[in-house]
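The values are calculated or read from the model by the stated rules, or taken from the named source; none is laboratory data. None of the values given here were measured: they were computed from a predicted structure. Cβ atoms come from the backbone with ideal geometry, glycine included; neighbour counts cover every protein chain shown.
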Amino acid sequence: MIFRLILTIIATSFFAQFGHAQALTGDAQLIESSAEALGMVRGFGARRRMDAINTVEFSGQGWMNVPQADGSWARFDITNVTVGINYFIPAMRWDMARIDSDGVEQRAIHVIRDNQAWDERLPGVEPTSPSVDQVAERLQQIWLTPHGAIHAAVANPDAVRVESRALGLDVHGIPVRVLLNNDDRPEMVEMSIQHPTLGRTLFEATYTDYIDWPILDVYFPSRIVHTLGGETTLDITVTEFFQNPYVVFPTPELLRRSSQ
């Protein structure tokens, strides 16, 4: 607490000496308030920026439901999942150990980078050939995260529609709605998607129990729930979170060249 108080005093003194931050005005102030509540705002004056969180990584456990072509749902217990995201590429690796209803343990590693999607046997090992089929769905996972949604709003604040406690924006042509809690952090992010099995359906991500994980005023939820058309598809309790970690996403082409 004393260390954080000292940092606050130093920051306040610096701010007073070198001038006011270049803040957003009008309705767009809610975007800045949300970015600040997540810990995305750093710097003062001309150096002030609202996208200071470039990458994140979080881990947890829980369960998931996967819709099947015959209308049934396959449930898996997630013993561990680690997700690394780069918001500027954009890119994501979803590394998950899960157990199916028959007790069979599986490991699934799904990767997206720009317009390429592929799977890996181990992180950065034996990638499959890139496919465009999973690109849209995996990119949506990036912009559904709290920092991802606000990153998208910060990148184009003039296009954001502000409605009371909600932000409306378009990401890759898809309307996205971000509902903020009383602390101005995303409580729910929703978008209408074309799901390969369910067709047109509402994809919602709910975030609760935010924690200042690194004790540096950078907040991330400790529970994440996804639903498709009202059916819960993911329920994770977050156990670890890191801000701006070193996460890399080499393409299959680069991995194959480096292994020769």
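Residue pairs, Cβ under 9 Å, 6 or more apart or interchain, first in region 98-118 and under 18 Å from Phe249 (Cβ atoms), second in a strand (DSSP E or B) and among the polar types (S, T, N, Q). List them.
Arg113/Asn86; Gln116/Ser131; Ala117/Ser131; Trp118/Ser131
Name the one entry in Pro196, Pro245 that is out of contact with any Phe, Trp or Tyr (no Cβ under 8 Å at 6 or more places or on another chain), within 15 Å of Gln140 (Cβ to Cβ) and surrounded by fewer than 17 Cβ atoms within 10 Å (Cβ to Cβ).
Pro196
Residues of region 90-105 being surrounded by fewer than 15 Cβ atoms within 10 Å (Cβ to Cβ) and not small (Gly, Ala, Ser), which ones?
Within region 90-105, Asp100, Asp102, Val104, Glu105 qualify.
Given (1) farther than 26 Å from Gly62 by Cβ; (2) more than 18 Å from the chain's Cα centre (by Cα), where does His172 come up short, assuming only one miss?
(2)
Scan Ala159, Ala166 and give me the residue that is of a type outside the set (Phe, Trp, Tyr) and modelled with pLDDT of 95 or more.
Ala166
I'm trying to understand the selection: among the residues of region 239-255, which are within 22 Å of Pro90 (Cα to Cα) and either assigned to a strand (DSSP E or B) or charged (D, E, K, R) (or both)?
Correct list: Glu240, Phe241, Phe242, Gln243, Glu253.
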